[in-house]
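Undergrad: Starting off with a structure, shown below.
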Amino acid sequence: MTDMIKIEDLSKKFGDTEVLKGLNGSVSKGQVICVIGPSGGGKSTFLRCLNLLEKPTSGKVTFESNELTALNEGQLNELREKMGMVFQSFNLFANMTVIENVKLAPVKVKNMSDDEANKLALSLLDQVGLQEKADAYPASLSGGQQQRVAIARALAMNPDVMLFDEPTSALDPEMVGEVLKVMQDLANDGMTMVVVTHEMGFAKNVADQVWFMDGGVFAEKGTPDEIFEHPKNERTKDFLAKILEA
Amino acid sequence: MKKFFVWLGLVLGLVVTLAGISAQPAQAADNSLARVKEKGTLVMGTSPDYPPYEFLVNRNGKERVVGMDVDIAKKIAKDLGVKLVIKQMSFDSLLVALETNKVDMVVSGMSPTPAREKSVDFSKVYYKGGQSILINKTDKGLYHDKNSFINKAVGAQTGSIQYSLGKKQIKNSTVKGLDKISDLILALKSHKVEGVIMEKPSAQAYVDNDKSLTMINGNFNLGKGENDTAIGFRKGSTSLVNEVNKSVDQIDKQGLTKDYLKDAGSYMKTNTHNTTMWHYAGYFAKGVGYTLLITVISVFFGILLGIIFALMRLSKNKLLHGLGVAYIEFVRGTPLMIQVMFVYFGIGLFINIPALTSGIIAVSLNSAAYVAEIIRGGINSVAKGQTEAARSLGLSNTQTFRSVVFPQALKNIWPALGNEFVSLIKESSIVSIIGVTDLIYQLKAVQTATYKGVAPIIVAMILYFIMTFSLSKVLNHYERSMRHD
Ligand SMILES: Nc1ncnc2c1ncn2[C@@H]1O[C@H](COP(=O)(O)OP(=O)(O)OP(=O)(O)O)[C@@H](O)[C@H]1O
Ligand SMILES: [Mg+2]
């Protein structure tokens, strides 16, 4: 199995504070990685360094044999479209309807015809169960619906990997399920995924690998069974104990 | 903080350089006469609110500058064999206009005082008046001469001889300076001032046309030139002055000023024949037209340049960012009035820009700075996540800005931008100081022409309100149709 994403000695500083301290890891095609860990540990920063929304201070990120950290903006744009991203706060374009949100990138970046883009968008909205909301504006949707549209929007570029940053953290509890369901379906279809999450159930059931992150390092990596049932690192144990208490 | 001083230095450096360039003595050999003959026109600067010297009349809805000074200038132009062009502006601006080549001569009831002679060459005296004080008829018994005004408020035109006479020769008085005689008359009638100092023939004109006014002799101690009226020229225009003096001699010998005054008097009679505001609808329409013209063009360029300056200020490029910041801060840190004068008189030293164009340029450039800040605020108010989502989909920086950020910014800035347009309608009135015939200018013209103070103000006020109110309504409509929630 070749690595789809390879991370080598990845570091990131904001001013003087070192948020990521020399991370290493690799993601292979079809794999689902869940990144867990305490707040402020650097999970979001790590994920954002993968598609270079955040510029690493040092180290390398390689995606499908392209060293992202060595590319210019134009080249980066081409590779970013292969890496879908879903945000905690949905970030749907407020000035566009649902279907326009989904169509925008295919039309602007891939020069897809309007007809074709419409067909694509409708089928993706169908996939996330929201075809009837195609002409609504984001502000009129529930959080769960917005996040499903955001997933459809990312899928519209036909990405090779999907990055999720706590996609359910901003949702009311009764809406978490509908989003996790869409993500689980994606995983079942063989999508490569890196998911930052606090949903331990999802991590247990869907992840191939769980990476526990704390203080800017991966304190422990392993299968869900290894991490959740037989954690070795003290910090992992602490974290899991606190989570289970809550 | 260090950065701040760098900017301050940069801006000041720029200003000093500009000032240095414009302060270079333009004096070469005296070619003043040759120059006038060559271009075939003699441009006269005047402030037409000083009957019978110069004032505006309404002929079939068209306005015209007439008066003794105009007749004199016509004779001079005829003697020189060139065409007379009349440029109107406020009395205060006349000498600057002379200095900056906007006009060839100033004929505006001006007295050749020693102070003025330092910066202006004067022709021989063409008229000797006297200084009177205009008062309300009801106060007739109270005031006898200047000494009656001790401890009282009197009015005079800003920058005029009468103003300094009042300051120097009436003990403990407050001298209120206003730009326009018509405003002074208003102040007099509402007892903001108890008397208005003006030249005898002017005072006579007001008394003849307004039954509530009367005049008394000021009994001022008049120094050299303060009783006289002469024509002003740019310093060093000896050849032109000499030639004009020949005409002045003729006027003197033939006693032509008497005829000219009579001529002016006849205009004043016909002029005051019909003083209803309706009769002057044409004046107001023209004013509204110019105000709208200036506003519309300035809004267009204001937005265009505003976007550019906002993007410069938001740019990561240090040079562009710096220029953007410097421009915006400098323009917002100086009054529009000075900017208007700078464009017309200052830049006008190098290229001759007509008053209307100067006004539009200044207002546009000024508006651009404010619009830039509105746009920058709007762009910054678009959540960062919107940009990140677009970039994560592979959209370029430019595509992201155009499709995602700008439309949302526009929605945020629309109300503020609307306010800016509305205030532009009002603020553009400042261009009247360089003689652009916008609504404010026309308001003063109607005041002078009708000898009525308040009625034209009310008409202009209502017209301004109609313009701003309808614009607000239209903008509100668009704002509503832009909402998505
Ligand atoms: N743009 C930034 N500038 C400065 N510091 C930042 C920036 N972004 C993140 N940080 C800091 O980096 C550290 C890691 O932040 P990050 O958001 O990656 O943590 P996280 O693990 O995702 O936390 P959470 O679970 O709360 O989302 C935090 O201390 C945060 O304050
Ligand atoms: Mg986070």
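The values are calculated or read from the model by the stated rules, or taken from the named source; none is laboratory data. Remember, it's a predicted structure, so these values are computed and weren't measured experimentally. Positions of Cβ are generated from backbone atoms using ideal geometry, with glycine treated the same way; all protein chains shown enter the neighbour counts. Each accessible area value is taken on the protein alone, full model and side chains, heavy atoms only, with ligands, DNA and RNA left out. Shrake-Rupley method; radii C 1.70, N 1.55, O 1.52, S 1.80 Å.
Undergrad: Student exercise: in the range B:385-473, how many lysine pairs 8 or more apart or on different chains have Cα atoms under 21 Å apart? Write down the numbers at each step before the final one.
TA: Details: B:LYS411/B:LYS473; B:LYS426/B:LYS444; B:LYS426/B:LYS473; B:LYS444/B:LYS452.
Lysine pairs, 8 or more places apart or on different chains, close enough: 4.
Undergrad: Same structure again: Please compute the net charge surrounding B:LYS39, taking Lys and Arg as +1 and Asp and Glu as -1 over other residues with Cβ under 10 Å from its Cβ. Show your work: numbers first, answer last.
TA: Details: positive: B:ARG35, B:LYS37, B:LYS83; negative: B:GLU38, B:ASP104.
Overall, the nearby charge balance is +1.
Undergrad: Share of antiparallel DSSP beta bridges in the protein assembly as shown, in percent to the nearest 5? Display every interim value, and only then the final one.
TA: On the way: 44 of 76 bridges.
Counting only bridges with both partners in the protein assembly as shown, antiparallel ones make up about 60 percent.
Undergrad: Something else: What does the structure give for A:103-110 when I average, per residue, the other chain Cβ atoms found within 10 Å of the residue Cβ? Present the calculation step by step, with values, prior to reporting the outcome.
TA: Details: counts 0, 7, 8, 2, 1, 10, 6, 1.
Neighbouring Cβ atoms belonging to other protein chains average 4 per residue here.
Undergrad: Still on this structure, I have one more. Looking only at the range B:48-177, where both bridge partners belong to it, what percent of the DSSP beta bridges are antiparallel (to the nearest 5)? Could the numbers behind the result be given before it?
TA: Values: 7 of 11 bridges.
Around 65 percent antiparallel, to the nearest 5.
Undergrad: Also: Under the definition of partner shielding as Cβ atoms of other protein chains within 10 Å of a residue Cβ, what is the mean value for peptide A:70-80? Kindly include the intermediate steps, with their values, before the conclusion.
TA: On the way: counts 0, 0, 0, 3, 1, 0, 3, 8, 1, 1, 5.
Counting other chains' Cβ atoms within 10 Å and averaging over A:70-80 gives 2.
Undergrad: How high is the relative contact order of chain A? Use alpha-carbon pairs under 8 Å, at least six apart in sequence, and give a whole percent.
TA: Values: 440 pairs, mean separation 63.6, N = 246.
Contact order relative to length: 26 percent.
Undergrad: Let me ask something additional. Within chain B, what percent of beta bridges assigned by DSSP are antiparallel, to the nearest 5?
TA: Working: 24 of 39 bridges.
Taking every DSSP beta bridge with both residues in chain B, the antiparallel ones total about 60 percent.
Undergrad: Can you give me the % of accessible surface on the range A:1-114 that is carbon or sulfur? Probe 1.4 Å, all protein chains present, nothing else counted.
TA: On the way: 2110 of 4730 Å².
That share works out to 45 percent.
Undergrad: Buried accessible area between A and B (1.4 Å probe, both chains summed, ligands and nucleic acids excluded), in Å² to the nearest 100? Intermediate results must be reported in sequence, preceding the final value.
TA: Numbers: alone 11500 and 23320 Å², together 32950 Å².
Chains A and B together bury approximately 1900 Å².
Undergrad: Between beta-carbons, use under 10 Å as the cut-off and find the net charge around B:GLN442, counting Lys and Arg +1, Asp and Glu -1. Present the calculation step by step, with values, prior to reporting the outcome.
TA: Values: positive: B:LYS286, B:LYS444; negative: B:GLU63, B:ASP438.
Value of the local net charge: 0.
Undergrad: Okay, moving on. How do B:179-186, B:474-481 rank on mean C-beta neighbours within 10 Å, highest first?
TA: The peptides rank, most packed first, as B:179-186, B:474-481.
Undergrad: Mind checking B:63-71 for the average number of partner chain beta-carbons within 10 Å of each residue's beta-carbon? Could the numbers behind the result be given before it?
TA: On the way: counts 0, 0, 0, 0, 0, 0, 0, 0, 0.
Going residue by residue through B:63-71 and averaging, the value is 0.
Undergrad: Then there is this: With a ≥ b ≥ c taken as the square roots of the eigenvalues of the C-alpha gyration tensor of the range A:1-98, please select rounded if a/c is under 1.5 and otherwise prolate if a/b is larger than b/c or oblate if it is not?
TA: Numbers: a/c = 1.36, a/b = 1.14, b/c = 1.20.
Note, shape of the range A:1-98 comes out rounded.
Undergrad: Order these peptides, A:129-142, A:99-112, by their mean beta-carbon neighbour count within 10 angstrom, highest first. Show your work: numbers first, answer last.
TA: Numbers: A:129-142: 15.9, A:99-112: 21.1.
Sorting A:129-142, A:99-112 by mean packing, highest first, produces A:99-112, A:129-142.
Undergrad: So how many Lys-Lys pairs in the range A:154-246 land under 24 Å Cα to Cα, not counting same-chain pairs under 8 apart?
TA: For the range A:154-246, qualifying lysine pairs total 9.
Undergrad: Contact order normalised by length for the range B:300-451, with contacts defined as Cα pairs under 8 Å and 6 or more residues apart; what percent is it? Present the calculation step by step, with values, prior to reporting the outcome.
TA: Values: 147 pairs, mean separation 41.3, N = 152.
Over the range B:300-451, the number comes to 27 percent.
Undergrad: Moving on. Take the cross-link list B:LYS167/B:LYS200; A:LYS82/A:LYS110; A:LYS110/A:LYS133; B:LYS39/B:LYS78; A:LYS21/B:LYS318 and give me the ones stretching past 22 Å between alpha-carbons.
TA: Beyond 22 Å between Cα atoms: A:LYS110/A:LYS133; A:LYS21/B:LYS318.
Undergrad: Can you give the net charge of the other residues whose Cβ lies under 13 Å from the Cβ of B:LYS200, counting K and R as +1 and D and E as -1? Before the final figure, lay out the partial values.
TA: Values: positive: B:LYS128; negative: B:GLU199, B:ASP208, B:GLU226, B:ASP228.
Net charge around B:LYS200: -3.
Undergrad: Now, a different point. Choose one of B:ILE303, B:LEU395, B:ILE462: the residue whose Cα lies farthest towards the positive end of the charge dipole of chain B (beta-carbon charges +1 Lys, Arg; -1 Asp, Glu; about the Cα centre).
TA: Result: B:LEU395.
Undergrad: Given contacts defined as C-alpha pairs under 8 Å and at least six residues apart, what's the relative contact order of chain B, whole-number percent?
TA: Values: 783 pairs, mean separation 88.1, N = 485.
18 percent.
Undergrad: Once you sort the root eigenvalues of the Cα gyration tensor of the range A:62-195 as a ≥ b ≥ c, which label holds: rounded (a/c under 1.5), prolate (a/b larger than b/c) or oblate (the other case)? Please report the intermediate quantities before stating the final value.
TA: Numbers: a/c = 1.76, a/b = 1.25, b/c = 1.40.
It is oblate, given that a/c is not under 1.5 and a/b is not larger than b/c.
Undergrad: When ligands, DNA and RNA are left out and all protein chains stay put, how many square angstrom of accessible area per residue does the protein assembly as shown have with a 1.4 Å probe? Spell out each step's value before the answer.
TA: Working: 32950 Å² over 731 residues.
Each residue of the protein assembly as shown exposes 45 Å² on average to a 1.4 Å probe.
Undergrad: Between B:LYS384 and A:THR17, what FRET efficiency comes out of the Förster formula 1/(1 + (r/R0)^6) with R0 = 25 Å and r the beta carbon distance, rounded to 0.05? Don't jump to the answer; show the numbers that get you there.
TA: Details: r = 20 Å, r/R0 = 0.78.
So, using R0 = 25 Å, E works out to roughly 0.80.
Undergrad: Could you tell me whether the protein assembly as shown comes out rounded, prolate or oblate from its Cα gyration tensor? Rule is a ≥ b ≥ c as square roots of the eigenvalues, rounded for a/c under 1.5, then prolate if a/b exceeds b/c, otherwise oblate.
TA: Values: a/c = 3.42, a/b = 2.98, b/c = 1.15.
Because a/c hits 1.5 or more and a/b exceeds b/c, the protein assembly as shown counts as prolate.
Undergrad: Now for a separate question. By average Cβ neighbour count within 10 Å, what is the ranking of A:166-172, B:437-443, B:343-349, A:227-233 from highest down? If you can, show how the numbers build up before the last one.
TA: Working: A:166-172: 18.6, B:437-443: 24.7, B:343-349: 20.7, A:227-233: 15.7.
Top of the packing list down: B:437-443, B:343-349, A:166-172, A:227-233.
Undergrad: Of A:TRP211, B:TRP278, which has the most accessible area and how do the rest follow, probe 1.4 Å?
TA: So, going from the largest accessible area down, we get B:TRP278, A:TRP211.
Undergrad: Let me ask something additional. Leaving out ligands, DNA and RNA, what percent of the accessible area of the range B:55-133 is carbon and sulfur, probe 1.4 Å? Mind showing how you got there, number by number?
TA: Details: 1490 of 2960 Å².
Using a 1.4 Å probe with all protein chains present, the range B:55-133 comes out at 50 percent carbon and sulfur.
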